[in-house]
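The values are calculated or read from the model by the stated rules, or taken from the named source; none is laboratory data. Since we're looking at a predicted model, the values are computed, not measured. All Cβ positions, even for glycine, are placed from backbone atoms using ideal geometry, and neighbour counts span all protein chains on display.
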């Protein structure tokens, strides 16, 4: 076969360190745009990025040449530097050290997109921690509560 193809979609979730609610609406939109550009630069296709003041959700088509660890490391490091350089009031900003990443089948993309689009409504009744643990359960991930949060 002379060509290689990939159709792999991921739902990536990570929060600010200690889930500090640092992103105001005008700041979060710019951060999402920056993350989107970073992902495109490394060969990924951002489908939607959204979140809340303390965390982000990214629905991504991962490029054939990418590893999950590399795309997360690049996205977090690059955006962290950009946030420090762009927003003087966010000098103490950092992302949590970990992340959650979940496979998304083609038929589930609309559902995940809807979840990300309606984060504000969703979090009226559920905390980030509750949401995140639901993702882990739904994907059969076993975790130790001592190491989930930082």
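Here are the numbers for the structure shown:
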{"read-out": "Top-ranked residue in the stretch 85-105 [being under 18 Å from residue 30 (Cβ atoms) and in contact with a helix residue (DSSP H, G or I) (Cβ under 7 Å, 6 or more places away or on another chain); ranked as surrounded by the fewest Cβ atoms within 10 Å (Cβ to Cβ)]", "value": "91"}
{"read-out": "For residue 57: the one exception among (1) in a helix (DSSP H, G or I); (2) in contact with a helix residue (DSSP H, G or I) (Cβ under 6 Å, 6 or more places away or on another chain)", "value": "(1)"}
{"read-out": "Residues (part of a strand (DSSP E or B) and more than 18 Å from residue 45 (Cβ to Cβ)) located in the stretch 68-110", "value": "95, 100"}
{"read-out": "Qualifying residue in the stretch 122-139 (condition: over 15 Å from the mean Cα position of the chain (by Cα) and closer than 21 Å to residue 40 by Cα)", "value": "no"}
{"read-out": "Candidate set: the stretch 17-32, residues that are in contact with a strand residue (DSSP E or B) (Cβ under 8 Å, 6 or more places away or on another chain) and either modelled with pLDDT of 95 or more or assigned to a helix (DSSP H, G or I) (or both); chosen: the one nearest to residue 131 (Cα to Cα)", "value": "19"}
{"read-out": "Residue match in the stretch 41-54 (condition: farther than 18 Å from residue 106 by Cβ, surrounded by fewer than 19 Cβ atoms within 10 Å (Cβ to Cβ) and out of contact with any helix residue (DSSP H, G or I) (no Cβ under 8 Å at 6 or more places or on another chain))", "value": "yes"}
{"read-out": "Criterion violated by residue 133 - all others in (1) assigned to a helix (DSSP H, G or I); (2) in contact with a helix residue (DSSP H, G or I) (Cβ under 6 Å, 6 or more places away or on another chain); (3) free of Cβ contacts under 8 Å to residues at least 40 places away in the same chain satisfied", "value": "(2)"}
{"read-out": "Residue tally, condition surrounded by fewer than 15 Cβ atoms within 10 Å (Cβ to Cβ) and either without any contact (Cβ under 8 Å) to a residue 24 or more places away in the chain or in contact with a strand residue (DSSP E or B) (Cβ under 6 Å, 6 or more places away or on another chain) (or both), over the stretch 109-121", "value": "5"}
